[in-house]
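A.B. asks: Can you keep this structure in mind? I'll have questions shortly.
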Amino acid sequence: MNSITRTALPRLDTVPLRRFSEHLLPSESHVEARFHQYSVRSAYQPIFSFEGLARANSPEGAPVSPGELFGCASGTESTVFLDRLLRMLHLANFSAPAYENAWLFLNICPTAVVNGRASGAFFKELLQAFGMPPQRVVVEITESETPDELVLEEATRYYREIGCLVAIDDFGAGHSNFNRIWRIKPDIIKLDRLMIQQAAQDPAARRGLVGIAALLHEIGALVLAEGIETEEEARVVVQAEVDLLQGYFLQRPYVGTPPQLEHRERFDALRRGLFQKAKDDEEDFQMAVRPYHEAFTRAGDALSTGVSLASAVRDLLGLPTVIRCYLLDADGSQVGDNLTAADYVSRRDPRHQPLGTVTGANWMHRHYFRRAVSNPSSIQISRPYLSLTDPRMCLTISRGIRRGSDLVVLCCDLAYPVLAPGVANRLDNSQPVG
């Protein structure tokens with residue numbers, strides 16, 4: 001990449017900008033800022049884009065955390081001043097040709113969000129002074145530190161009217177809630193790093209991450225995972241179809257000349273490995289599920305000839321991990337009771353017993369029913385979900401069957417995971433098996 005060559009700053013002599021530009025110290029390779037006794041430099045960390053981070057040093061040259069730096073700002077006016085100074089600093093160091101097609105992520109201090117308007121116009125004029133198109137700037141607002149809903153909405157509206165993108169930071173921590181996300185409709189949502197760490201350690205959290213990412217996509221936002229420090233964390237976010245990644249595993253923050261992406265080959269290898277693992281896991285799953293598929297096919301064929309449900313599924317109920325079989329009509333209403341595997345009765349968890357009565361139950365809202373009705377005669381296997389009648393994860397095999405002029409749906413629930421220990425089950429999405 002090209003290095004930054006900065007011998008002069010653009011004209012920053014308008015009243016709103018002059019008081020900040022006086023604190024900037026340009027050099028041949030970088031622009032620094034001075035705030036009280038601290039020197040501050042821009043550090044950038046790729047997100048397959050770039051986030052501007054402040055790296056401060058004490059007069060003795062010791063590193064200073066952002067919290068300590070803002071801690072020396074006395075009062076609201078000083079805090080807003082420092083926040084604006086850092087934004088100017090990051091823009092001053094982001095004008096190299098190497099960045100011309102990249103987004104710049106800028107963190108906005110919550111105090112600046114709340115009090116920015118009262119401190120006078122600034123940001124729009126700052127972008128114009130540096131010739132920075134607003135659509136290349138992503139303004140990050142830390143949701144958990146901005147509890148006032150109206151202020152948060154007003155700030156979001158302001159930056160969006162300028163033309164910037166808006167990101168919500170640290171989603172999943174503190175005051176995070178979906179109602180706020182639906183109201184603000186951010187362009188990008190950054191997941192809290194603790195959520196990523198948990199997903200790398202806990203299979204249930206991993207499945208939850210898949211669902212959360214899918215829901216955030218549904219509301220029209222890109223999803224960014226930050227704080228990725230290990231290969232396993234990178235793997236789980238890629239599997240969850242997260243859009244953007246950031247963390248030490250891929251690239252540490254740097255000051256000065258933009259380096260080549262340190263671990264591009266590592267990420268490329270990770271993607272190739274994930275693709276191969278997905279292929280291997282699918283083959284393993286198809287092999288392991290074959291006995292269930294074959295027995296379910298025989299049961300469905302027998303049912304279509306008029307054989308009773310109990311007779312049709314007798315062999316199927318004897319297979320390991322089978323929980324129950326049942327029949328639905330074309331409207332999703334259950335026909336008769338569940339037929340439960342004999343060895344399952346003793347293992348049943350009693351906590352959902354009040355929901356165990358299936359008389360009059362209707363399952364038309366379930367994805368396994370809708371897919372079976374839409375694809376008659378094709379066997380479907382659902383994604384993992386929590387059973388309503390028994391608090392455990394399960395999969396459902398389903399198939400639409402003609403019995404005379406009537407369409408019925410045969411269903412069979414299997415305990416999750418279905419596969420042998422040590423073999424990953426990658427049923428992230430419902431899809432036909434045959």
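A.B. asks: Kindly evaluate Gly172 against the criterion of being at positive phi and out of contact with any strand residue (DSSP E or B) (no Cβ under 6 Å at 6 or more places or on another chain).
C.D. replies: Considered against the rule, which asks whether it is at positive phi and out of contact with any strand residue (DSSP E or B) (no Cβ under 6 Å at 6 or more places or on another chain), Gly172 comes out as no.
A.B. asks: For His293, only one of the following conditions fails: (1) touching a strand residue (DSSP E or B) at 6+ places or on another chain (Cβ under 8 Å); (2) under 16 Å from Leu388 (Cα atoms). What is its number?
C.D. replies: His293 satisfies all of (1) touching a strand residue (DSSP E or B) at 6+ places or on another chain (Cβ under 8 Å); (2) under 16 Å from Leu388 (Cα atoms) except (2).
A.B. asks: In the stretch 71-86, what residues are under 26 Å from Ser29 (Cα atoms) and either open to solvent by less than 10 Å² (accessible area, probe 1.4 Å) or at pLDDT below 70 (or both)?
C.D. replies: Those that are under 26 Å from Ser29 (Cα atoms) and either open to solvent by less than 10 Å² (accessible area, probe 1.4 Å) or at pLDDT below 70 (or both): Leu82, Asp83, Leu85.
A.B. asks: Going by the structure shown, is Asp280 assigned to a loop (DSSP other than H, G, I, E, B), of a type in the set (D, E, K, R) and either surrounded by 20 or more Cβ atoms within 10 Å (Cβ to Cβ) or out of contact with any strand residue (DSSP E or B) (no Cβ under 7 Å at 6 or more places or on another chain) (or both)?
C.D. replies: No: the conditions fail for Asp280.
A.B. asks: A further question on this structure: Can you tell me how many residues in the stretch 219-240 are open to solvent by 10 Å² or more (accessible area, probe 1.4 Å), free of Cβ contacts under 8 Å to residues at least 40 places away in the same chain and in contact with a Lys or Arg (Cβ under 9 Å, 6 or more places away or on another chain)?
C.D. replies: Here the count works out to 8.
A.B. asks: Can you confirm whether the stretch 186-196 contains a residue that is open to solvent by 40 Å² or more (accessible area, probe 1.4 Å), touching a residue at least 12 places away in the same chain (Cβ under 8 Å) and touching a Lys or Arg at 6+ places or on another chain (Cβ under 9 Å)?
C.D. replies: Yes, that holds for at least one residue.
A.B. asks: Give the number of residues within the stretch 87-103 that are surrounded by fewer than 22 Cβ atoms within 10 Å (Cβ to Cβ) and either polar (S, T, N, Q) or touching a residue at least 40 places away in the same chain (Cβ under 8 Å) (or both).
C.D. replies: Result for the stretch 87-103: 8.
A.B. asks: Moving on to the next point. Just checking, how many residues over the stretch 30-39 are open to solvent by 60 Å² or more (accessible area, probe 1.4 Å) and assigned to a loop (DSSP other than H, G, I, E, B)?
C.D. replies: 2
A.B. asks: If you don't mind, there's one more thing I want to ask. How many residues are over 25 Å from Leu17 (Cβ atoms) and in a helix (DSSP H, G or I) when one looks only at the stretch 57-97?
C.D. replies: The qualifying residues number 3.
A.B. asks: Quick one: would you say Cys394 is in contact with a Ser or Thr (Cβ under 8 Å, 6 or more places away or on another chain) and at pLDDT 90 or above?
C.D. replies: Answer is no for this residue.
A.B. asks: Examine the stretch 201-218 for a residue that is modelled with pLDDT of 90 or more, farther than 22 Å from Val139 by Cα and open to solvent by less than 10 Å² (accessible area, probe 1.4 Å), and state whether such a residue exists.
C.D. replies: yes
The values are calculated or read from the model by the stated rules, or taken from the named source; none is laboratory data. On a predicted model such as this, the values are computed, not experimentally measured, just so you know. Cβ sites come from the backbone with ideal geometry, for glycine too, and all protein chains shown count toward neighbours. These area figures cover heavy atoms from the full protein model, side chains too; ligands, DNA and RNA do not enter into them. Shrake-Rupley method; radii C 1.70, N 1.55, O 1.52, S 1.80 Å.
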